[in-house]
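A short write-up of the structure that comes next.
The values are calculated or read from the model by the stated rules, or taken from the named source; none is laboratory data. Just so we're clear, the structure is a prediction, and the values are computed from it rather than from any experiment. Quick reminder, even Gly has a Cβ in these numbers, built from the backbone with ideal geometry, and neighbours come from all protein chains shown.
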Amino acid sequence: MSLISRNVFRFLQQGSVNLAARNYQSTAANLGERPDTRVHCTLIPGDGVGPELVYAVQEVFKAIGAPVDFEPYFLSEVNPSLSVPLEKVAASINKNRVCLKGILATPDYSNTGEAQTLNMKLRHALDLYANVVHVKSLPGINSRHTNVDCVIIREQTEGEYSALEHETVKGVVECLKIVTAKKSERIAKFAFDYATKHKRKKVTAVHKANIMKLGDGLFLRSCEEIAKLYPKIEFDKMIVDNCTMQMVSKPEQFDVMVTPNLYGNIVDNLGSGLVGGAGVVAGASYSSKCVVFEPGARHTFSEAVGKNLANPTAMFLCGANLLHHVNLSTYSEMIKDAVNTVLKEGKIRTKDVGGQSSTKEFTFAVINKLEESRL
Amino acid sequence: MSARIITKTALRQKLHEFGLQKFPNKQLARMAAVAAPAMSDFEIQHKQPLVKKTTSIPIALYGGRNAVTMLPGGGIGPELMVYVKEIFKYSGAPVDFELIEIDPKSDESNDLEYAITSIKRNGVAIKGNIETKSESTIVQSRNVAIRNELDLYVNVLHCHSYPHVKARQSNIDILIIRQNTEGEYAMLEHESVSGVVESMKVVTKSNSERVCRFAFEFARKNNRKKVTTIHKANIMKLSDGLFLETSRTVAKEYPEIEHNDMIIDNCCMQLVSNPHQFDVMIMTNLYGTIVSNVVCGLVGGAGLLSGRNYGDHYAIFEPGTRNTGTAIAGKNIANPIAMINASIDMLDHLGHKQHSRIISEAVRKTVCKDKLHTPDLGGTATSTEVVQRIIDHILQADLRAW
């Protein structure tokens, strides 16, 4: 009986969805045209090849007709004279709640004696505490492993990146690593909620609590506390050195990983290397109010500026994720499909993944695929 | 404190090992027992909801998108939830649902526990009515269990008439605020002598005060003029008397709001004959469920109004009268407005005012202007037609995509 009623209901449900689609067609004429509603998005091209890649994304968005208006701001630490003040950019992101960002270059030395980089300042200004990098094997890209699918979630407002360094005695520098229960719980909850939302099975906390018993210990305990709230998700912990070894030998075992700041940065890059390099992995930084979509591994690739060489795949995927986030999932799927098809066919590849094509050729290939799928 | 006890115990134990001090085992055991229940703030918050909490869990809001627990419940619940999801999709409301099904037939409480944990994580839930089929005494009503476990001490029902909906009374605008966790719903019943069953009604000062304060604050915030306490203190002089007394004490702190009281039987009569005299009403648990059903009946039935349950940390939104509607499930005639109104309340609570405004405007246009009514309101439209029209209105509205 229950089976019948459930099936009847499912039938009705499907019927209603189909009906919805049809009815909309018929009543739209009576009720007039739908007003043009567009999403505003802040755009930070960044340094190195960033501007070229961002331009490629805009071309794709234009081709597909995605209703997104970009507000470009040039923000740069290596080019301070051209840079827009940080407050202005932060205000824009706060208003629009979404941002697409290239990579900001950070010099190894500080001209002003300030320890915080521009990237860190932006994160602090917006409280972008969670960095999510989805490392996933792409079709048609040759790499050591073919079935990697893990999500690395990194706390990025404290830990080693607190920019608190001082030289107490000449020749002795201390660098403070800050770990707080509040932020550790926040990132752990983020990871578990992410796992719940995306139907993931396991969360692994990466730590070094055997050495840093208090600092990383606090992080680990916070994760354990939060894990109790999620009885359906497996919780696991792994020491960071072992974790990196496991990543390169058996990456399939990882699902969602939650890490403090520095380890996250290392594991992010390691993961990106596993599936084809910095040009193909998309990432995003979340605060509670806004999201900044940026490539997963942070390399500016400044050697290739103006040479039309860089791989725009990561940026395209960022753009697709952005569209999905703002409830435009149809466009998002179209872009992802087009990128995957181009990669799978393998005729057009950029140099970093073993091809000979240029950024522009790849972009046009994706646009052509989009147009084909539209027909 | 507990840490200090542990160290003290450890120290004594060490002394004992060195044979410096005779230390009776019993005392050691007692001290260990004192140290053991040292709970973290998290555990205090989640295992003992009645303890005043100091810290709250970070809310599930990521990049502007809220995670919300969805409990479809039984009967028409699942279909109504599908409509809510459709409407959210078209209005671009930034909410992700975590769907949790509870099997109404099983007596197991695993699903229920998981649902409660999920609400604790997300802080907010939208729910249909969950059936408890079992009549076995050990199985608690699931609705009541959720409310008690999360300490959702107040239920708010905003009863207002929709123009052009056929109803007994028009222009009604009453706020019913109901104590939600104690009173007759304390679920303490026993048979002391064979053939004699006693059921306890529990009224506590602290809970009564919380509800009354909530009501007056709510009245002040929404510019309401009058608060009426509904009771039966002429018969239950102590229990209802306490509730009435507490409400009078609290009322003194809000001199700008008029306060009076009314006995429940008289109140029901007044409601059906002259409902316009009421503004905000506060009452204990059982009277609340009766009065809210009376008023819902006056303005057009169970399918229109939505109710809100608030605690200190969590909020649950549901249709105003708690009916499952099993009889009309799957027939495409259930009125979706109540659940949609609940989702509007939820968006309001989460702070997505723009989306809540657009959806409520679309609902108003559909019900009042297009007069598209389901059979329970005397119309002929199906549920899907109503939802479709609401979506059409949403698509006309000028809104950002999210």
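Being of a type outside the set (S, T, N, Q) and in contact with a Gly (Cβ under 6 Å, 6 or more places away or on another chain) is the filter here, so list the residues in the stretch A:133-151 that pass it. Break it down stepwise before answering.
Going through the stretch A:133-151, the residues of a type outside the set (S, T, N, Q) turn out to be A:133-136, A:138-141, A:144-145, A:148-151.
Answer for the stretch A:133-151, where residues must be of a type outside the set (S, T, N, Q) and in contact with a Gly (Cβ under 6 Å, 6 or more places away or on another chain): A:Val133, A:Val135, A:Gly140, A:Ile141.
Where in the stretch B:151-263 are there strands (runs of 3 or more DSSP E), lying wholly inside it, with at least 2 residues that are surrounded by 17 or more Cβ atoms within 10 Å (Cβ to Cβ)?
Values: elements: B:154-160, B:173-179, B:189-193, B:196-199, B:226-231, B:258-263.
Once the strands (runs of 3 or more DSSP E) in the stretch B:151-263 are filtered for at least 2 residues that are surrounded by 17 or more Cβ atoms within 10 Å (Cβ to Cβ), what remains is B:154-160, B:173-179, B:226-231, B:258-263.
Can you tell me which residues in the stretch B:193-222 are small (Gly, Ala, Ser) and touching a residue at least 12 places away in the same chain (Cβ under 8 Å)?
From the stretch B:193-222, those small (Gly, Ala, Ser) are B:194-195, B:199, B:206, B:208, B:215, B:219; that's our starting set.
Scanning the stretch B:193-222 gives B:Ser199, B:Ser208, B:Ala215, B:Ala219.
Residues being assigned to a loop (DSSP other than H, G, I, E, B) and not polar (S, T, N, Q): count how many of those fall in the stretch A:274-292.
Of the residues in the stretch A:274-292, the ones assigned to a loop (DSSP other than H, G, I, E, B) are A:276-281, A:287-290.
Filter once more, so that each one left must be not polar (S, T, N, Q): A:276-281, A:289-290.
Of the residues in that region, 8 qualify.
Of the numbered conditions (1) farther than 26 Å from A:Phe190 by Cα; (2) buried (at least 21 other Cβ atoms within 10 Å of the Cβ); (3) of a type in the set (A, V, I, L, M, F, W, C), A:Ala365 satisfies every one except a single condition; which is it?
For A:Ala365, the failing item is (2).
Specify the residue that is farthest from A:Asp149 (Cα to Cα); the eligible residues are those in the stretch A:289-319 that are polar (S, T, N, Q) and touching a Lys or Arg at 6+ places or on another chain (Cβ under 9 Å).
Initial filter on the stretch A:289-319 (polar (S, T, N, Q)): A:300, A:302, A:308, A:311, A:313.
So of that shortlist, the ones also touching a Lys or Arg at 6+ places or on another chain (Cβ under 9 Å) come out as A:308, A:311.
Numbers: A:Asn308: 30, A:Asn311: 21 Å.
Top of the filtered list is A:Asn308.
From the residues in the stretch B:326-354 that are touching a Phe, Trp or Tyr at 6+ places or on another chain (Cβ under 8 Å) and part of a helix (DSSP H, G or I), which one is surrounded by the fewest Cβ atoms within 10 Å (Cβ to Cβ)? Outline the logic, then answer.
Filtering the stretch B:326-354 for residues touching a Phe, Trp or Tyr at 6+ places or on another chain (Cβ under 8 Å) gives B:329-330, B:336, B:339-340, B:342-343, B:345-346, B:349.
Filter again for part of a helix (DSSP H, G or I), leaving B:339-340, B:342-343, B:345-346, B:349.
Working: B:Met339: 28, B:Ile340: 26, B:Ala342: 23, B:Ser343: 29, B:Asp345: 21, B:Met346: 26, B:His349: 17.
Filtering first and then ranking leaves B:His349.
For the list (1) closer than 30 Å to A:Lys344 by Cα; (2) part of a loop (DSSP other than H, G, I, E, B), I need the number of the one condition that A:Val151 fails.
(2)
Could you tell me whether A:Asp108 is touching a residue at least 60 places away in the same chain (Cβ under 8 Å) and acidic (Asp, Glu)? Explain how you work it out, then say what you get.
Values: touching a residue at least 60 places away in the same chain (Cβ under 8 Å): no; acidic (Asp, Glu): yes.
Spelling it out, it is not the case that A:Asp108 is touching a residue at least 60 places away in the same chain (Cβ under 8 Å) and acidic (Asp, Glu).
With (1) in contact with a Lys or Arg (Cβ under 8 Å, 6 or more places away or on another chain); (2) at pLDDT 85 or above; (3) of a type in the set (A, V, I, L, M, F, W, C) as the list, and B:Ile130 as the residue in question, which single condition is left unmet?
In the conditions (1) in contact with a Lys or Arg (Cβ under 8 Å, 6 or more places away or on another chain); (2) at pLDDT 85 or above; (3) of a type in the set (A, V, I, L, M, F, W, C), B:Ile130 misses (2) alone.
Among (1) under 15 Å from B:Gly303 (Cα atoms); (2) crowded, with 23+ Cβ neighbours inside 10 Å; (3) facing chain A (nearest Cβ under 10 Å), which single condition is B:Val386 missing?
(3)
For the stretch A:66-87, state whether one or more residues are at pLDDT 60 or above, part of a helix (DSSP H, G or I) and more than 10 Å from chain B (Cβ to nearest Cβ).
Yes, the stretch A:66-87 contains a residue that is at pLDDT 60 or above, part of a helix (DSSP H, G or I) and more than 10 Å from chain B (Cβ to nearest Cβ).
Return the pair list, or none, for Cβ contacts closer than 8 Å from residues in the stretch B:249-265 that are under 20 Å from B:Ile290 (Cα atoms) to residues that are surrounded by fewer than 17 Cβ atoms within 10 Å (Cβ to Cβ) and among the polar types (S, T, N, Q), at least 6 apart or on different chains.
Filtered contacts from the stretch B:249-265: B:Met262/B:Gln270; B:Ile263/B:Asn234.
Could you check A:Pro80 against (1) without any contact (Cβ under 8 Å) to a residue 12 or more places away in the chain; (2) under 22 Å from the mean Cα position of the chain (by Cα) and say which number it fails?
Among (1) without any contact (Cβ under 8 Å) to a residue 12 or more places away in the chain; (2) under 22 Å from the mean Cα position of the chain (by Cα), A:Pro80 violates only (2).
Is there a residue being within 17 Å of B:Gly183 (Cβ to Cβ), touching a Phe, Trp or Tyr at 6+ places or on another chain (Cβ under 8 Å) and modelled with pLDDT of 90 or more anywhere in the stretch B:217-229? If you could, list the steps in order and put the result at the bottom.
Residues of the stretch B:217-229 within 17 Å of B:Gly183 (Cβ to Cβ): B:229.
With the extra rule that they be touching a Phe, Trp or Tyr at 6+ places or on another chain (Cβ under 8 Å), the set shrinks to B:229.
Still in the running and modelled with pLDDT of 90 or more: B:229.
The answer is yes, given that some residue of the stretch B:217-229 is within 17 Å of B:Gly183 (Cβ to Cβ), touching a Phe, Trp or Tyr at 6+ places or on another chain (Cβ under 8 Å) and modelled with pLDDT of 90 or more.
Take B:Gly92 and decide whether it is touching a Leu at 6+ places or on another chain (Cβ under 9 Å), farther than 21 Å from B:His313 by Cα and either within 12 Å of chain A (Cβ to nearest Cβ) or modelled with pLDDT under 55 (or both).
yes
Which residue, of A:Gly217, A:Gly264, is of a type in the set (Gly, Ala, Ser) and over 29 Å from A:His299 (Cβ atoms)? Give the derivation first.
On the way: A:Gly264 fails: over 29 Å from A:His299 (Cβ atoms).
After ruling out the rest, the residue left standing is A:Gly217.
Is it the case, given these coordinates, that B:Val193 is more than 28 Å from B:Asn171 (Cβ to Cβ) and in contact with a Gly (Cβ under 7 Å, 6 or more places away or on another chain)? It would help to see each step written out before you state the result.
On the way: more than 28 Å from B:Asn171 (Cβ to Cβ): yes; in contact with a Gly (Cβ under 7 Å, 6 or more places away or on another chain): no.
Considered against the rule, which asks whether it is more than 28 Å from B:Asn171 (Cβ to Cβ) and in contact with a Gly (Cβ under 7 Å, 6 or more places away or on another chain), B:Val193 comes out as no.
So A:Val280 clears everything in (1) more than 27 Å from A:Gly354 (Cα to Cα); (2) surrounded by 19 or more Cβ atoms within 10 Å (Cβ to Cβ) except one condition, right? Which one?
(1)
I'd like the full set of residues that are charged (D, E, K, R), part of a strand (DSSP E or B) and out of contact with any His (no Cβ under 8 Å at 6 or more places or on another chain), limited to the stretch A:201-255.
A:Lys202, A:Glu234, A:Asp236
Suppose we filter the stretch B:305-342 for residues that are modelled with pLDDT of 85 or more, over 20 Å from B:Val211 (Cα atoms) and in contact with an Asp or Glu (Cβ under 9 Å, 6 or more places away or on another chain); how many remain?
Count: 8.
Among the numbered criteria (1) within 20 Å of B:His160 (Cα to Cα); (2) more than 14 Å from chain A (Cβ to nearest Cβ), which one does B:Thr380 miss?
(1)
For the stretch A:113-134, give me each residue that is of a type outside the set (D, E, K, R) and in a helix (DSSP H, G or I).
Let us first name the residues in the stretch A:113-134 that are of a type outside the set (D, E, K, R), namely A:113, A:115-120, A:122, A:124-126, A:128-134.
The answer is A:Leu118, A:Asn119, A:Met120, A:Leu122, A:His124, A:Ala125, A:Leu126.
Could you list, ordered by first residue, the pairs with Cβ atoms under 8 Å in which the first is in the stretch B:317-335 and away from every other protein chain (no Cβ under 14 Å) and the second is part of a strand (DSSP E or B) and hydroxyl-bearing (Ser, Thr, Tyr), at least 6 apart or interchain?
Here the result reads B:Phe317/B:Ser306; B:Glu318/B:Ser306; B:Pro319/B:Ser306; B:Gly320/B:Ser306, each pair linking the stretch B:317-335 to a residue that is part of a strand (DSSP E or B) and hydroxyl-bearing (Ser, Thr, Tyr).
Consider the stretch A:303-360. How many of its residues are part of a loop (DSSP other than H, G, I, E, B), within 20 Å of the chain's Cα centre (by Cα), touching a residue at least 60 places away in the same chain (Cβ under 8 Å) and surrounded by fewer than 24 Cβ atoms within 10 Å (Cβ to Cβ)?
From the stretch A:303-360, those part of a loop (DSSP other than H, G, I, E, B) are A:305-312, A:326-328, A:346-349, A:354-356, A:358; that's our starting set.
Now restrict to residues that are within 20 Å of the chain's Cα centre (by Cα): A:310-312, A:326-328.
Checking the rest, the ones that are also touching a residue at least 60 places away in the same chain (Cβ under 8 Å) come to A:310, A:312, A:326, A:328.
This time we only want the ones that are surrounded by fewer than 24 Cβ atoms within 10 Å (Cβ to Cβ), so: A:328.
Total satisfying the criteria: 1.
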